[in-house]
Amino acid sequence: MSLFKRYLDEANTATAVKNHVEKPVSKKSQEFWEVENDLYNYLLAELKKFPGQDKQTENKKIEELSAAFFEQEGTRLTFEEKQEALAYVKDELLAYGPITPLLVSPQVSEVMVNNFDEVYYEKNGKVYKSQVNFMDNQHVMRVIERIVSPIGRRIDESSPMVDARLPDGSRVNAIIPPLALKGPSMTIRKFSETPFTITDLIHFGTLNEMMAEFLEVCVKSRLNVFISGGTGSGKTSTLNVLSSFIPNSDRIVTIEDAAELRLYQDHIVSLESRPPNIEGKGEITIRDLVRNSLRMRPDRIVVGEVRGAEALDMLQAMNTGHDGGLSTGHANSPRDILSRLETMVLMAGFDLPVKAIREQIANAIDIIVHQSRMKDGTRKITHITEVLGLEGETIVLQDLFVFKETGYTSEGHIEGKFISTGIRPSFAEQLEVNGYKIPASWFAGEWQL
């Protein structure tokens with residue numbers, strides 16, 4: 001495909017996305033928000049008289065109480081506005097305010113609140129402006145507090161950033177003034193109620209069946225696998241899927257900043273880091289948890305994301321008999337994640353020679369699975385790369401499987417195919433010793449890049 005043709009396709013795609021962004025609806029009147037706020041405060045006070053109710057009973061009670069409230073309000077709002085105000089308050093009391101419909105929708109994968117009247121969402125890999133909005137900045141703060149309080153996190157002027165999660169595992173980040181200049185901001189990365197399986201990833205086009213079988217064999221054979229990729233590339237979803245290949249008999253220790261992994265094996269210990277308290281004490285970092293996990297007799301250590309000094313402890317664990325480790329990290333390529341790991345090891349505060357660090361990395365990691373978010377919004381595993389070892393001061397890598405991009409469709413979707421490079425991995429014998437036959441077709445390859 002010519003560069004000019006590609007430019008036209010990208011331009012058409014960008015125009016189509018722009019045209020599909022929802023137009024914001026007219027803002028609610030001040031009187032609507034006053035009634036909505038009065039109804040919220042009234043119901044909040046009344047519901048305290050009926051503690052311990054389940055959601056269904058509480059929902060019925062809200063409808064009864066709101067009917068009495070609206071009788072007193074008379075004609076301040078139309079019937080439709082009253083119903084809308086009631087829906088808003090229900091979401092406020094039982095869920096997460098105006099963004100609840102977006103969080104409930106299975107098609108929406110991410111919700112971004114820039115400020116109280118500016119909400120965006122991601123659907124099918126594309127970002128759109130939503131029609132929903134909050135009453136004011138305090139309204140956004142109320143929802144943020146509702147999210148972070150149940151899991152023991154806090155957000156205020158002394159601690160204006162927080163990472164949290166929803167009960168379904170969805171990841172939440174919030175940042176408030178004085179750091180957020182426009183007002184409280186919140187980003188929610190949703191997770192499916194039913195965790196993705198390897199079949200789902202194949203269906204989505206993230207990888208093909210041959211690559212899926214290969215990765216399953218690698219995990220079951222206790223190879224150390226590192227998943228790299230950019231923000232929003234689907235690393236955590238892939239980590240969750242690969243973790244499902246761990247045998248049920250293994251004792252698994254998962255370590256995360258905010259618990260997102262959802263494994264269904266029997267023998268699991270889930271650990272979560274803890275931020276400092278209001279006095280600046282009591283912080284438990286990922287590094288602390290990695291070191292502690294070594295005393296917990298783990299068969300497998302799964303670190304949700306490596307982003308700092310814990311990289312050194314994770315590499316040492318992989319090099320001292322704790323095989324079969326899984327983790328993720330941000331990087332733009334398989335080679336780039338090695339450079340980032342070097343930097344993260346140096347963050348541990350030890351003045352280690354570069355060659356020693358690279359030896360640790362080369363000996364610890366067997367496979368790098370690199371995932372990318374493509375221009376059309378799809379997520380694909382673009383490289384499955386073997387770490388061969390150290391030659392001189394350079395870590396040697398070889399690609400086993402790659403995604404070969406061939407062009408774009410008229411709708412702007414990327415066309416391409418997954419191919420084997422035709423190179424048989426050096427650990428093939430180890431896989432066979434573990435009882436897994438390696439089909440020659442996996443590495444028949446058509447290396448023509």
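The values are calculated or read from the model by the stated rules, or taken from the named source; none is laboratory data. Computed from a prediction, not measured in an experiment: that's the story for all the values here. Reconstructed Cβ throughout: ideal geometry from the backbone, glycine too, with neighbour counts over all protein chains shown.
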Requested in this report: For residues that are under 25 Å from residue 170 (Cβ atoms) and in contact (Cβ under 8 Å) with a residue 12 or more places away in the chain, tally how many sit in segment 277-292.
Outcome: 4
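Looking only at segment 26-72, how many residues end up being acidic (Asp, Glu) and within 35 Å of the chain's Cα centre (by Cα)? Before the answer, list the steps.
Just the residues of segment 26-72 that are acidic (Asp, Glu), to begin with: 31, 34, 36, 38, 46, 54, 58, 63-64, 71.
Cutting the leftovers down to within 35 Å of the chain's Cα centre (by Cα) gives us 36, 54, 58.
Residues in segment 26-72 being acidic (Asp, Glu) and within 35 Å of the chain's Cα centre (by Cα): 3 in total.
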Report task. Find the strands (runs of 3 or more DSSP E) located wholly in segment 307-407 whose residues include 3 or more that are at pLDDT 95 or above and among the β-branched types (Val, Ile, Thr), and list them. Result -> 367-373, 379-391
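Every residue, every condition in (1) within 32 Å of the chain's Cα centre (by Cα); (2) crowded, with 18+ Cβ neighbours inside 10 Å; (3) hydroxyl-bearing (Ser, Thr, Tyr), yes or no:
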position	(1), (2), (3)
351	no, no, no
364	yes, yes, no
370	yes, yes, no
383	yes, yes, no
390	no, no, no
399	yes, yes, no
405	yes, no, no
421	yes, yes, yes
433	no, no, no
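Residue-wise test of (1) in contact (Cβ under 8 Å) with a residue 40 or more places away in the chain; (2) acidic (Asp, Glu); (3) closer than 26 Å to residue 169 by Cβ.
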| site | (1), (2), (3) |
| --- | --- |
| 297 | yes, no, no |
| 308 | no, no, yes |
| 322 | no, no, yes |
| 343 | no, no, no |
| 370 | yes, no, yes |
Query - Hits in segment 132-150 (condition: surrounded by 14 or more Cβ atoms within 10 Å (Cβ to Cβ) and either within 19 Å of residue 117 (Cβ to Cβ) or touching a residue at least 60 places away in the same chain (Cβ under 8 Å) (or both)) - result: 132, 133, 134, 135, 136, 137, 139, 140, 141, 142, 143, 144
Query raised in the report: What are the residues in segment 188-206 that are buried (at least 17 other Cβ atoms within 10 Å of the Cβ), hydrophobic (A, V, I, L, M, F, W, C) and not in a strand (DSSP E or B), if any?
Result: 191, 196, 198, 201
Query raised in the report: Of the conditions (1) among the basic types (Lys, Arg); (2) at pLDDT below 90; (3) within 18 Å of residue 385 (Cβ to Cβ), residue 235 fails just one. Which one is it?
Result: (2)
